[in-house]
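Scroll down for the structure; my scribbles are underneath it.
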């Protein structure tokens, strides 16, 4: 199967071959969500952000409640320091994939990086309500509480 070959080559960091096989998978099934998402992340890996963004938005259009392409887009916007787009895509993810702890974590982390500690605290509380055993979220949440305490 073309999609599996794309994954194999992506894992080996043979990105040109991975792209080739993901595109073949899309010729067989143009609605292949995973191929679209993985094309986006593969283009991201080689720094071709325009193609990455294009394929990730196509993945979202097929399966808007899946959180992965939103987080992949947010990662690209974060790298490009496009903070407004980063926040907007995370808010879209929160609206369309409201039960993903990963969305709440990334949104909380965004607010933390931007210095919005109170908003980061609230968002990470929601993340921890979804999964109280998320150690990374718990550590960030504790750091935020300490920062808030020190500001007073």
Residue by residue through the range 15-47, note down the ones that are under 21 Å from residue 77 (Cβ atoms) and either exposed (fewer than 15 other Cβ atoms within 10 Å of the Cβ) or in contact with a strand residue (DSSP E or B) (Cβ under 6 Å, 6 or more places away or on another chain) (or both).
45, 46, 47
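Per-residue answers, yes or no, for (1) under 15 Å from the mean Cα position of the chain (by Cα); (2) within 22 Å of residue 136 (Cα to Cα); (3) at pLDDT 95 or above:
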residue: 10; (1), (2), (3): no, no, yes
residue: 20; (1), (2), (3): no, no, yes
residue: 33; (1), (2), (3): yes, no, yes
residue: 38; (1), (2), (3): yes, no, yes
residue: 44; (1), (2), (3): yes, no, yes
residue: 52; (1), (2), (3): yes, no, yes
residue: 56; (1), (2), (3): yes, no, yes
residue: 60; (1), (2), (3): yes, no, yes
residue: 75; (1), (2), (3): yes, yes, yes
Does residue 70 fit the bill of being at pLDDT 95 or above, more than 30 Å from residue 134 (Cβ to Cβ) and either buried (at least 20 other Cβ atoms within 10 Å of the Cβ) or under 13 Å from the mean Cα position of the chain (by Cα) (or both)?
no
Quick check: anything in the range 83-90 in contact with a helix residue (DSSP H, G or I) (Cβ under 8 Å, 6 or more places away or on another chain), farther than 30 Å from residue 25 by Cβ and loosely packed, with under 14 Cβ neighbours inside 10 Å?
yes
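The values are calculated or read from the model by the stated rules, or taken from the named source; none is laboratory data. Note that the structure is predicted; figures quoted are calculated from it, not measured. We place every Cβ from the backbone using ideal geometry, glycine too, and count neighbours over all the protein chains shown.
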